[in-house]
């Protein structure tokens with residue numbers, strides 16, 4: 001009987017702790033489980049707390065993943081970079097990286113970075129465009145989207161998109 005009372009007190013303390021974490025920022029469900037394991041909480045208490053949070057609908061992994069992607073795009077990083085950031089906590093294989101919405105957001109992010117760097121695409125020669133192309137690929141942008149933005153003025157952009165770069 002005393003053991004159950006002890007676990008009930010612990011459960012309440014852990015619920016308060018998790019709610020405190022969730023008021024500061026959003027977390028993935030797996031991230032909360034990881035943090036609880038890290039501080040030494042038993043598996044039974046972790047499952048009880050996560051079930052409690054699910055009932056209150058405090059976890060929305062898909063919405064959080066979308067917010068992270070949007071935030072990284074605003075910072076000038078590509079969707080692949082954002083997905084790598086989320087991959088520790090959620091399955092990122094199911095998400096379609098080439099959706100029209102994502103391509104539009106990535107195009108806008110690429111154009112924003114170009115504007116911030118004050119680069120005139122028309123005045124760049126092929127080598128400078130290739131350097132810029134590699135820069136965007138390293139930042140996690142999709143190859144097709146970068147090619148479309150950088151080489152839109154080039155009539156024969158098939159050499160660039162086929163991987164000859």
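All of the numbers you see were taken from the coordinates with simple rules; none came from a lab. Because the structure is a prediction, the values reported are computed rather than measured. Ideal geometry is used to build each Cβ from the backbone, glycine not excepted, and the neighbour counts take in all protein chains shown.
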task: Assign one of three labels to region 42-96, namely rounded, prolate or oblate, based on the Cα gyration tensor with a ≥ b ≥ c the square roots of its eigenvalues; rounded applies when a/c is under 1.5, prolate when it is not and a/b is larger than b/c, and oblate otherwise.
output: prolate
Additional length obtainable on full extension of the chain from residue 51 to residue 91, 0.36 nm per residue less Cα span: 12.4 nm
query: Per residue, what volume in Å³ does the convex hull of the Cα atoms of region 2-59 enclose?
result: 73
FRET efficiency, 1/(1 + (r/R0)^6) with R0 35 Å, evaluated for residue 13 and residue 67 via beta carbons: 0.75
